[in-house]
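Below: one structure, written as structure tokens.
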Amino acid sequence: MIDFHTHLGNLDREGYPKRPPLTAEQLLWRMNEWGVDLAVLQPLESPEGGWGYFLTEDAIAVRNRYPERFVAFLCIDPRYPSLERLFDVFVQQHDCRGVGEHVNGLKFDDPLNLRLYAKCQEYGLPLVFGDDLNCFDEPGLPRLERCLREFPKVTFCGHGPGFWSAISGDDDRTIVYPKTPIRPGGALDRLLERYQNLYLDLSAGSGNNAMTRDPEFARGFIHRHWRRMLWGTDYCLVHQVVPQVQWLRDLDVTPEMRAAIADGNARRLLRLA
């Protein structure tokens, strides 16, 4: 199994010292418990990205200590003045295999964000973005659609309440974890059918809620889009509850579909053997 979405470091600064920083060894212990072979480390370098920071350099250092267990992504705040030069350093010198977690206070198609997507396009790297409510985009995800169209070599991996709200036709982006039945006609089905460079990050409460709030709809959704689903946890805090582990064990799909969601789709994006 590959966990496509993890973080390390002090991401709960207000909770310190009762909530200490998550270490690589603690994450490895959890990975072994869950049967996860490899995890993607996603830095967070924008102030809107959370309640702390996890630098790309730190992700690279952990990957270098445990190269068989971790893949390092890069994260650069798009307001960083030397974005292009730093991006080249992280990819060419340190083998960062993707970008994320990309979350900031700018609109998804802000010119500064477009600079970052252009570098992803240059290298053909996947980008994991976290869309909180009323941040990156609007109902129907029009800004995301513009970028899917303009950057066809970038695999945009959607994550977060704002993104998963668009699974339903009544997407209004006002409820973090809606519990009502999913209505057909959501933007995600349409975008997944139209753009091959859109993938689904199943991690965190948002991904779990989307897959469990309406089991009948989710069953059909999975059968339509399993080739572009990425299993992950968004594990970032000590003792964090992760429902995705049991969800995958209980998932009623064919062995081929389960293998793709758990491992195969991620291997393809990460260019692993």
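The values are calculated or read from the model by the stated rules, or taken from the named source; none is laboratory data. For clarity, every value in this text was computed on a predicted model and none was experimentally measured. Virtual Cβ from ideal backbone geometry, glycine too; neighbours counted across all protein chains shown.
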Quickly run through the range 107-164 and pick out the residues that are among the aliphatic types (A, V, I, L, M) and either without any contact (Cβ under 8 Å) to a residue 12 or more places away in the chain or at negative phi (or both). Leu112, Leu114, Leu116, Ala118, Leu125, Leu127, Val128, Leu133, Leu144, Leu148, Val154
Any residue that is in contact with a Phe, Trp or Tyr (Cβ under 8 Å, 6 or more places away or on another chain), surrounded by fewer than 21 Cβ atoms within 10 Å (Cβ to Cβ) and of a type in the set (Val, Ile, Thr) - is there at least one of those in the range 208-215? yes
Test for Arg258: is it of a type outside the set (A, V, I, L, M), free of Cβ contacts under 8 Å to residues at least 24 places away in the same chain and crowded, with 16+ Cβ neighbours inside 10 Å: yes
Residue count, the range 67-83, condition closer than 13 Å to Glu25 by Cα and either in contact with an Asp or Glu (Cβ under 9 Å, 6 or more places away or on another chain) or modelled with pLDDT under 95 (or both), comes to 1
Whether any residue in the range 54-72 is out of contact with any helix residue (DSSP H, G or I) (no Cβ under 7 Å at 6 or more places or on another chain), part of a helix (DSSP H, G or I), of a type in the set (S, T, N, Q) and closer than 28 Å to Arg19 by Cβ is what I want to check. yes
Considering the range 54-93, residues that are closer than 23 Å to Leu114 by Cα and among the basic types (Lys, Arg), and then whichever is surrounded by the fewest Cβ atoms within 10 Å (Cβ to Cβ), we arrive at Arg85
Among the numbered conditions (1) in contact (Cβ under 8 Å) with a residue 40 or more places away in the chain; (2) part of a helix (DSSP H, G or I); (3) aromatic (Phe, Trp, Tyr), tell me where Trp226 comes up short. (1)
All but one of (1) among the aliphatic types (A, V, I, L, M); (2) in contact with a Leu (Cβ under 8 Å, 6 or more places away or on another chain); (3) modelled with pLDDT of 95 or more hold for Leu237; which doesn't? (3)
Within the range 113-160, the count of residues that are part of a helix (DSSP H, G or I) and either farther than 20 Å from His225 by Cβ or not basic (Lys, Arg) (or both) comes to 19
Scan the range 32-49 for residues that are in contact with a Lys or Arg (Cβ under 9 Å, 6 or more places away or on another chain) and either farther than 13 Å from His5 by Cβ or among the charged types (D, E, K, R) (or both) and jot them down. Asp37, Ser46
Residue satisfying all of: in the range 1-30; among the hydrophobic types (A, V, I, L, M, F, W, C) and in contact with a helix residue (DSSP H, G or I) (Cβ under 7 Å, 6 or more places away or on another chain); surrounded by the fewest Cβ atoms within 10 Å (Cβ to Cβ) among these: Met1
Pick from the range 30-53 the residues that are part of a helix (DSSP H, G or I) and not aliphatic (A, V, I, L, M): which of them is nearest to the chain's Cα centre (by Cα)? Gly49
Filtering the range 161-204 down to residues that are within 17 Å of the chain's Cα centre (by Cα), assigned to a loop (DSSP other than H, G, I, E, B) and crowded, with 22+ Cβ neighbours inside 10 Å yields Leu202, Ser203
Pair list, Cβ < 8 Å and 6+ apart or interchain, from the range 13-25 residues that are in a loop (DSSP other than H, G, I, E, B) to residues that are not aliphatic (A, V, I, L, M): Tyr16/Asn10; Arg19/Asp12; Pro20/Asn10; Pro21/Gly9; Pro21/Asn10
